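Read through the structure below, which is laid out as structure tokens, and then see the notes.
The values are calculated or read from the model by the stated rules, or taken from the named source; none is laboratory data. Values in this document were obtained by computation on a predicted structure and should not be read as measured data. FYI the Cβ positions are ideal-geometry reconstructions off the backbone, even for glycines, and counts take in every protein chain you see. To get the accessible areas, we keep the full protein, side chains included, count just its heavy atoms, and leave off ligands, DNA and RNA. Shrake-Rupley method; radii C 1.70, N 1.55, O 1.52, S 1.80 Å.
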Amino acid sequence: MPSQQRPSWAPLTEEQLQERRIVNVRSETVDDTTATDIPGHYGPQQDDSWDLQRFTDQLKVEFHQNKPHDATFSLIGVDASIANAYRRLLMSEVPTLAIEDVFIFDNTSIIQDEVLAHRLGLIPLAGGEEGLRWMQWYKKPPPKDDFAAQAAWEAEEGDSIASVPNDTNTVVITLDVTCRWATQDQDGRDGKKLAKEGSIDPTEKYVNSNVYAHQLKFEPEGKQKDYFSGENAIRPVNPDILIAKLRPGQRIHLRCHCIKGVGSDHAKFSPVATASYRLLPHINITKPILGADAKMFARCFPRGVIGLEDDPQSGQKKAVVVNPMKDTVSRECLRYDEFKDKVKLGRIRDHFIFSVESSGQFESDVLFIDSIRLLKAKAQRFKRHLAELEEGR
């Protein structure tokens, strides 16, 4: 065996381990997509067993943008299964407040009751963070026509306070809007003329021609006054969400019960408008790309990915990688024969660029921390169940 070749039983070098982190993107295929965070993946001589200290040293979280409703950060050093767990927890497991029951007293608009209730349920609500965490879960009883479920419910819950709407598990919001002519007072009698002569703009001809989310009124009950007052009051995240359109004589009068829930039950409880991740692009220029080819090569990528710098050896401009995070891995450069042997494209399998856009109840970075707490609680629960199984043997 030649001395420069590595024996099959020898452990991998650090350089070879770094190469294993790359998912290779070729002109027609994507190679090396198999996960590597598995004991025994590198062979019997390679110590790749899971180690807490090594995991702690490799794990990094780097924020690129941290706005209240829009955060972008890199999660480095974890397997895809862990990253995907955080994404699913953000969408489906973090509890939020939303309208669950709508009691309609009067609706003479052209929107049907069930459509109106659905539109109200999808309005994201905000309030004091301490109060939202203080609120308890409301256990909704099963439908009355499901007799078997009703019997099981009564036997299990009985007169449990969690199954009865109260100030600890239910928030009440009301809406009472009537449209009238702009030349009428609140009681319907003729008053001061507000609209311009010949105006066809409904907002000038009528009062309350549009029903907006800011017209929803929060009615605190009991201890809710201590948690939801002033700036912490329950309110729509966006006050200008259009609920319905009315014309003179039409009215919407209703009462809403809001409860805590999770996105796995209904999308209205999801705290994020979107939660996604992508792998960090990897661009490896194996041979120098100079002169006119360098400018052409830079145009194959989004602006800011490839830069040009002076090459002291050739005296020409040379293409260099500036910011691979902006790349979309379009493979455009692989279409040209002059670049095929000079560049390798890929993605780093353990570098996840997360994008979390909050719907408004909680800030985006807080939501990610909540997802970590939830995953930790699930792991502890699973550990307890394993211990109980061991004791039961």
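Observations
- Cβ-based net charge around Ile369, under 13 Å, with every Lys or Arg adding one and every Asp or Glu removing one: -1
- The chain - Cys residues lacking any other Cys C-beta under 4.7 Å: Cys179, Cys256, Cys258
- Note on surface exposure: Val94, Val61 rank Val61, Val94 by accessible area, highest first, 1.4 Å probe.
- Max mean-square fluctuation residue, GNM over the chain, Cα-Cα springs under 10 Å, options Arg303, Arg87, Arg347: Arg303
- Cα gyration tensor shape of the chain, rounded if a/c is under 1.5, else prolate or oblate by comparing a/b with b/c: oblate
- The range 287-335 shape via C-alpha gyration tensor axes, a/c threshold 1.5: prolate
- Rounded if a/c under 1.5, otherwise prolate or oblate - the range 324-393, Cα gyration tensor axes: oblate
- Protein heavy-atom surface of the chain, 1.4 angstrom probe: 50% of the accessible area is carbon and sulfur, with nucleic acids and ligands not counted.
- Backbone amide hydrogens, once placed in the peptide plane, bring His282 within less than 5 Å of Gly346, Arg347, Ile348, excluding anything fewer than 5 places away on its chain.
- The P(r) of the range 237-393 has a tail past 22 Å containing 66 percent of all C-alpha pairs.
- For Lys260, distant residues with modelled amide H under 5 Å away: Tyr138
- Positive-pole candidate from Leu97, Ile353, Tyr336, dipole of the chain, charges at beta carbon: Tyr336
- Charge tally around His64: other residues with Cβ under 15 Å, Lys/Arg +1 each, Asp/Glu -1 each, net -1.
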